[in-house]
Amino acid sequence: MAPFQAGNTPQLDIFIRGLKSHPLEASTETLVSLLKRRQISGSRPCAIAAVHILRQVVAKAPYRDVDGLIAKIQQTGQRLVHAQPHELAVGNIVRRVLGLIREEMQEDRTEFGGDSVSDLQTLCPEKEKETKEHVVGLPVLSRAPTLGGWSHQSAPFSIMNLLSPDQGSGAGSPMGRSGTSTPMLHGQNLSINNLKSEVLDGIDEITDELEQVDDQIAGYADIQIHPTDYILVHELDSTTERFLLRASRERRFTVFIAQGKSTTSKAGDATPSLFQKKLNSAGVKTINISNTGLAAYMTKVDKVILSVRGVTADGGAVAESGATAIAQAARAFGKPVVVLMGMYKLSPESTPDPRSLVEWGEPESFVNFSKGNMVNTVEVEVPLTEFVAPGLVDTYISNIGVHTQDHLPSLIVDHYNEQDSDFVLTIPA
Amino acid sequence: GSRPEVKSGPREKKPVIPECFSHLSMAKRIPPSQTDKDVHPAVLALGQQMSSFSLTDSIGRLQGTLLALQKVISSYTTPQGSSFSRHFTPHALNPQIDYLSACRPMCFCMGSAVRWLKLKISKIDTDADDLEAKAVLQEEIEEFIMARIALADASVVVNAAEHIKDGDEIITFGSHRLVESTLIWALKDGEGKSFSVTVVDDPIDKSGLVLAEKLSEAGIKTKYAPSLGGLSTHILSPAAATSTPRSTKVLLGAESMFSNGTMYGRAGSSDVALAAKMSGIPVIALCHSFSFTERAATDSLTYNEIDPERCTDQEFRLLFDVTGDITTVVTDVGNAPPRSAMCVLKRWEDI
């Protein structure tokens, strides 16, 4: 996880600094290996890296038309997702950029079409696109809308969208930019250059969103955390830290910090983190709990905050291992479970098999391999992450508001284009 | 008993107990130089073992206490002008008990055993001489260890092994002597009975690792999960897409059973029981009838113990928890639903 002040991990900073001077393909290759080696890890650093490389694709890659650009983004996107399949955020960012391009394209074509192309095509943009692909010679992209996020709405407009505030989350709601008009320029080159600059602007807005997301989520801290509360947090990430620190400005409460991973360390080794020192100096008590199960503490806990890597369309959460046990205990004791998620963590995918998203760890840290008979006969499974079932989370707090499970589909419609739901499976030309 | 503040213990750091847990007890190391002069050497050694957690399981501690008290009894002489039954308890027995409970809070079965012993002492005729009184007590304790511990162990194991059927996928948490013996007995006694075991462990305690090793050496197909991570999603009821069979039973060793039917167990047991309940898998608790207590606890913070090794401003850990999600309790006097804990309690009190 990224330390919350620096924002980025050193590897990520080096990568971003090198983007300008290196050719696109070299940068892509570097990022793929950084992701594979988990040298860039954590959902936000991964998302930031993805948005930076996609910006380079838009700016540098050779393409003649919009479909060429979409294909390029899909190609790069697939490589990134395959490099780090456990971070939903990577695929989400790719879909956001694809959605951005499609939206600009639609605006462009609507205006362009009204002027010169036949009315039939304008009225039926889907058909127009297919005809065009056919002419250019690209294979027809498979766009089976199979995923759960698209359950009932596929129109770009929704009530959620109309009410969502534009300020601070411009990129968060694509419609925020619908006022920008594309000048009616004829000729492919001018048009594509125009589209490019529009898309680059849009990508920059996503970058800004990623910078601000923790701060925006922290804005809801006062409402959620009450004086004298006992808050149980599982695995701290930058979002949770910021959230608690913001609450500590106004409130005196107690934080139970459940540390699944650090419990493998020896007793007495731990030193207080900078985050804890800050909380303590603000008058907030912190208690680090080294128990593996936390049901014992639930009678005392008022609220559980889970740090998650990603949220699926049906409301399930990919979280550090141990989160399900905590969420189940909270459910059994009637304590609310809150998930803090930047919009970049919300994926339009639903996961039928919870195992597929799980990242597995090395058993060596738990079982000494000098014990030969253990190695040969005992099967050891060490999940690093696990899938928290949808029903176990009560509230999702994102940078644009507080949501329940039922709100997620409309958020997905607002942020992604249905055509990009399964871009990972799409085979580009 | 209250003692002067320990100045230079083996730990340099002073334990920090958060206010919301300040009502809970904690083991502490008492340097031999600061102990009561009346503490018997055997009890002194036992106390050190308990406070250093080299002897942890409740039945082991109970047995150790009884054996040490046998030594205390045999080396005791009633002073002139007093009788054994009047003098022994306040002047010889109580200092031992005070010392032991200062080293580590007594487990419920130890408390029951001490009360039982005091009752036996009070029943000794005041005219009986030392030799006679000691012989009676030694025999009582001998019988207690045989009947209430050794035989009870065997009965629990035989009763519990009957619950293990061919093809079962058993989940257990940490290690418990009754669970270990039950699994090994079920393998040896049951002809052609084939079952597999997944040992879920506490990554700090790691006692489950030792159990997993023993089980696999005994020839049981064993899996090991170092923590509760993935318990519900992979171990208890894996998704249909995978070939891993769904587990069929959870076997937990109980530290004690409360009269309201809740189980006092190693910290983490309640999480395992809860996850099993949510997956619709029965939870079987193994417990000596002597470990049943007339106390009641609905939550884990009523009775508990703080880990003395992890009680700093950077770490905190509880040693036990309480769960109400038990399906069946297997005891040496038979199987019982947890709600009937009171009946089990009555049965041993009558004996």
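The values are calculated or read from the model by the stated rules, or taken from the named source; none is laboratory data. Being a predicted model, the structure only gives us computed values, none of them experimental. Positions of Cβ are generated from backbone atoms using ideal geometry, with glycine treated the same way; all protein chains shown enter the neighbour counts. Ligands, DNA and RNA are stripped out before the accessible areas are found, and what is left, the full protein with its side chains, is counted by its heavy atoms. Shrake-Rupley method; radii C 1.70, N 1.55, O 1.52, S 1.80 Å.
Note that the stretch B:199-304 shows a convex hull volume over its alpha carbon atoms of 118 Å³ per residue.
Hull volume per residue, based on the alpha-carbon atoms of chain B and their convex hull, is 144 Å³.
Checking every one of the chymotrypsin sites (Phe, Trp or Tyr not before Pro) in the stretch A:1-110 against DSSP loop status and a limit of 16 other Cβ atoms within 10 Å picks out A:TYR63. Could you work out how far helix B:207-218 tilts from the main Cα principal axis of chain B, as a 0 to 90 degree angle to the nearest 10? Computed tilt is about 70 degrees. Averaged over peptide B:256-267, the number of partner chain Cβ atoms lying within 10 Å of each residue's Cβ comes to 1. Each of A:ASP302 and A:ASP222 was given a label point 7 Å from its Cα along the Cα-to-Cβ line. The distance between the two points is 1.6 nm. For chain B, relative contact order (Cα pairs under 8 Å, six or more residues apart, normalised by length) works out to 17 percent. The Cβ shell under 14 Å around B:SER256 holds other residues with a net charge of -2, Lys and Arg each +1, Asp and Glu each -1. Compactness of the stretch B:19-153, taken as the C-alpha radius of gyration over 2.2 N^0.38 Å, stands at 1.09. May I ask you to list the aspartates and glutamates whose Cα is less than 16 Å away from that of B:LYS193, ignoring any residue fewer than eight positions away on the same chain? Here the aspartates and glutamates satisfying the reach criterion relative to B:LYS193 are B:GLU162, B:ASP166, B:ASP168, B:GLU169. Semi-axes of the equivalent ellipsoid for the stretch B:159-222, computed as √(5λ) from the eigenvalues of its C-alpha gyration tensor and ordered from largest down, come to 20, 11, 10 Å. Note on chain B: dipole from Cβ charges, positive end direction compared against B:PHE320, B:PHE258, B:PHE292; the farthest Cα belongs to B:PHE320.
Sites listed here are trypsin sites (Lys or Arg not before Pro) in the stretch B:135-182 whose DSSP assignment is loop and whose Cβ has at most 16 other Cβ atoms within 10 Å: B:LYS165. Cα-based values for the stretch A:218-415, radius of gyration first and Dmax second, are 17.7, 56 Å. Accessible surface computed residue by residue for the stretch B:154-350, with neighbouring protein chains in place and a 1.4 Å probe, gives 33 Å² per residue. Computed with a 1.4 Å probe over protein heavy atoms only, the accessible area of B:LEU131 comes to about 140 Å². Pop out the carbon and sulfur fraction of the accessible area of the stretch A:218-415 as a percent, whole number, probe 1.4 Å. Of all accessible area on the stretch A:218-415, carbon and sulfur atoms account for 50 percent.
Using R0 = 56 Å, the C-beta based FRET efficiency linking A:GLU211 and B:THR89 works out to 0.15. Please list log₁₀ I(q)/I(0) at q = 0.18 Å⁻¹ for the stretch B:154-350, using the Debye equation with identical point scatterers on the alpha-carbon positions. So the normalised log intensities are -1.25.
Accessible surface buried at the B:A interface totals approximately 4200 Å², computed with a 1.4 Å probe on protein heavy atoms. Helical content alone sets the calculated 222 nm signal of chain B at -11500 deg cm²/dmol, taking -39,500 (n - 2.57) per DSSP H segment of four or more residues and averaging over every residue. With R₀ set to 35 Å, the beta-carbon distance separating A:ILE16 from B:ARG29 gives a calculated FRET efficiency near 0.05.
Helix B:152-161 axis versus longest C-alpha principal axis of chain B: approximately 10°, rounded to the nearest ten. The calculated FRET efficiency for the pair B:CYS20 and B:ASP189, based on their C-beta separation and a Förster distance of 41 Å, comes to about 0.30. As a fraction of the 1.4 Å probe accessible area of chain B, surface on carbon and sulfur atoms comes out at 52 percent.
Subtracting the Cα-Cα distance of B:LEU67 and B:CYS343 from 0.36 nm times their residue separation leaves 96.5 nm of extension gain.
In summary, the stretch B:243-290 shows an alpha-carbon radius of gyration equal to 1.23 times the 2.2 N^0.38 Å reference for compact globular proteins. Calculated translational diffusion coefficient of the stretch B:145-262 (20 °C, 1.002 mPa s; Stokes-Einstein with Kirkwood radius over alpha-carbon pairs) equals 143 µm²/s. For the residues B:SER58, B:SER33, B:SER74, a GNM of chain B with alpha-carbon springs under 10 Å puts the largest fluctuation on B:SER33.
Charge tally for A:VAL424 (other residues, Cβ to Cβ under 10 Å; Lys, Arg +1; Asp, Glu -1): -2. Across peptide A:379-391, the average count of Cβ atoms from other chains found within 10 Å of a residue's Cβ is 5. A simple spin-label model places pseudo-atoms 7 Å from Cα toward Cβ; at B:SER74 and B:SER259 they are separated by 3.7 nm.
Remark on the stretch B:242-351: ratio of C-alpha radius of gyration to 2.2 N^0.38 Å is 1.16. In the structure shown, do any of A:LYS285/B:LYS28; A:LYS303/B:LYS223; A:LYS345/B:LYS206; B:LYS37/B:LYS134 have a Cα-Cα gap over 28 Å, and if so which? The answer is A:LYS303/B:LYS223; A:LYS345/B:LYS206.
Listed cross-link partners A:LYS20/A:LYS196; A:LYS335/B:LYS14; A:LYS277/B:LYS277 are compared with a 28 Å cut-off, the Cα-Cα value being larger for A:LYS335/B:LYS14; A:LYS277/B:LYS277. Bridgeable aspartates and glutamates around B:LYS165 (alpha carbons under 15 Å apart, same-chain partners fewer than 8 residues away excluded): B:ASP189, B:GLU191.
From the Kirkwood radius over Cα pairs of the stretch B:296-351, Stokes-Einstein at 10 °C and 1.306 mPa s returns a whole-number translational diffusion coefficient of 115 µm²/s. When you restrict to C-alpha pairs under 8 Å that are six or more residues apart and normalise by the size of the stretch B:154-350, the relative contact order lands at 21 percent.
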